[in-house]
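Asks: First the structure, then my questions, so here it is.
The values are calculated or read from the model by the stated rules, or taken from the named source; none is laboratory data. Here the structure is a predicted model, which is why all the values come from computation and not from measurement. Counting neighbours? That spans all protein chains shown, and the Cβs are built from the backbone with ideal geometry, glycine included.
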Amino acid sequence: MTGNLVVLAYSGGLDTSVSVQWIKEKYGADVITMCLDVGQQKDLKAIEEKAKKIGAIKHYSIDAKEEFVKNYIFPAIKANGLYEGEYPLSSALSRPLIASELVEISKIENADGVAHGCTGKGNDQVRFEVTINSLSPGLKIIAPIREWDLDRPSEIAYAKKHGIPIPVDVDSPYSTDQNLWGRSIECGVLELPDHEPPSDVFEWTNTPEDAPDEPEYVSIEFENGVPISVSGKKMNGVDLLFLLNKIAGKHGIGRIDMIEDRLVGIKSREVYECPAATIILKAHKDLERMVLTKHEVYFKEIVDSKWAQLIYTGLWWDPLKNALDAFIDVTQERVIGEVRLKLFKGNVSVVGRSSPVGLYDPELATYEPHSTFDQKASEGFIKLWGLPTSVATNIIKKAKKKEE
Ligand code: ARG
């Protein structure tokens, strides 16, 4: 590289800490570090001090919680965003935001390149780099951990040699990533897909057996497809997510253990705890069934699943996402109302919903005599509805008889 200034996305962990030194050594560059607060609940001040101590010439600490909620988590709620039906995309959603901040700072600082601490085996490298290439084509990208291909013991030895403080949790066999939308835990014994995750991997959720013996009821109110209040109390998105993570986590809700297909072709065993995401997505989907027509609901399932695939595979900036968002936003204009949830020992169930624009018509649905539904109309309807099926069945039967 010709230039000598690099902006590094810095978490304070071992990988990104050794990256500071490695970039200096390998590229002879000065390093500016940047850490975004996306609700990971780490001490940002301590991270800043550490960055400077290990040689960053400048550090940016950015509170991005509100933006993360408004522009990333809320669209995911509207899209019922679940990858392969289970993963609420917590890490996947944060990457395009972190990468776009990297690009911003590289412009402000007139930097020659940007860097991230991803390995070459995961999805995060893709999410970072597709964002960077889309927002700043040609900007040099350095991925020290991928380029270096270092094992853990050598990494620790390198850190010791250069006086880089080893994080206290480095003995932990797990690699984690967390933000307001959830927490992911990988490595160690979790790589054995037939072993139950030990309870020490979980930090946000109680083991269901240890959760309260009494159920708790929570209602979530939605406006235009996004949550605006909890049990009657209006609050901003950041507070709402902190609160629901706490409440649902207490009841042991949101643990996910799945076999996931990574973009790079690997099947991996992934463990997450996403308490708020789990109950919000459940409530949102239920409310959609109340307010959208059957045709909208069925078509939206296709759109939602495509949306989740785009986000998972790092294509946040693809124009297709804007097109899908436009469809989704129109449907969400009517996603207004309240959903009541019962939380108990690891489970969340919807126990009630109401909406000023609900399509549920009690006069049609009731089995009482005053129903407005015209049962006589059903007879003709069934004849025509089943006509293709009954015609086909009879013709096939006749053809088979002829063969005999
Ligand atoms: N498998 C998840 C994903 O690809 C989690 C990634 C967690 N990232 C991390 N750097 N630990 O979205």
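Asks: Filter segment 218-264 down to the residues that are small (Gly, Ala, Ser), farther than 30 Å from PRO193 by Cβ and either surrounded by 14 or more Cβ atoms within 10 Å (Cβ to Cβ) or within 16 Å of the ligand (Cβ to nearest atom) (or both) and list them by number.
Replies: Scanning segment 218-264 gives SER219, GLY225, SER229, SER231, GLY237.
Asks: Scan ASP149, ASP169 and give me the residue that is more than 16 Å from the ligand (Cβ to nearest atom), modelled with pLDDT under 95 and either closer than 16 Å to CYS35 by Cβ or surrounded by fewer than 19 Cβ atoms within 10 Å (Cβ to Cβ) (or both). Please lay out each step first, then the result.
Replies: Details: ASP169 fails: more than 16 Å from the ligand (Cβ to nearest atom).
Answer to the check: ASP149.
Asks: Within segment 301-339, restricting attention to residues that are of a type in the set (Asp, Glu) and in a helix (DSSP H, G or I), which residue is surrounded by the most Cβ atoms within 10 Å (Cβ to Cβ)?
Replies: Of everything passing the filter in segment 301-339, ASP304 is surrounded by the most Cβ atoms within 10 Å (Cβ to Cβ).
Here is a yes/no grid of residues against (1) within 15 Å of the ligand (Cβ to nearest atom); (2) in contact with a Ser or Thr (Cβ under 9 Å, 6 or more places away or on another chain); (3) without any contact (Cβ under 8 Å) to a residue 40 or more places away in the chain; (4) acidic (Asp, Glu):
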| site | (1), (2), (3), (4) |
| --- | --- |
| VAL18 | no, no, no, no |
| TYR27 | no, no, no, no |
| LYS50 | no, yes, no, no |
| ILE54 | no, yes, no, no |
| HIS59 | no, yes, no, no |
| ASP63 | no, no, yes, yes |
| SER90 | yes, yes, no, no |
| PRO96 | yes, yes, no, no |
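Asks: Restricting the search to segment 152-166, which residues are closer than 18 Å to TYR10 by Cβ, away from the ligand (no atom under 16 Å from the Cβ) and in contact with a helix residue (DSSP H, G or I) (Cβ under 8 Å, 6 or more places away or on another chain)?
Replies: Matches in segment 152-166: TYR158, ALA159, HIS162, ILE164, PRO165, ILE166.
Asks: Kindly indicate which of VAL130, VAL218 is closer than 30 Å to ILE336 by Cβ, of a type in the set (A, V, I, L, M), touching a helix residue (DSSP H, G or I) at 6+ places or on another chain (Cβ under 9 Å) and touching a residue at least 24 places away in the same chain (Cβ under 8 Å).
Replies: The conditions single out VAL218.
Asks: If you go through segment 172-217 one residue at a time, how many are of a type in the set (Val, Ile, Thr), loosely packed, with under 15 Cβ neighbours inside 10 Å and either within 16 Å of the ligand (Cβ to nearest atom) or in a helix (DSSP H, G or I) (or both)? Break it down into steps so the answer makes sense when it comes.
Replies: First, pick out the residues of segment 172-217 that are of a type in the set (Val, Ile, Thr): 176, 185, 189, 201, 205, 207.
If we keep only those that are loosely packed, with under 15 Cβ neighbours inside 10 Å too, we end up with 189, 207.
When the remaining residues are screened for being either within 16 Å of the ligand (Cβ to nearest atom) or in a helix (DSSP H, G or I) (or both), the result is 189.
Qualifying residue count for the region: 1.
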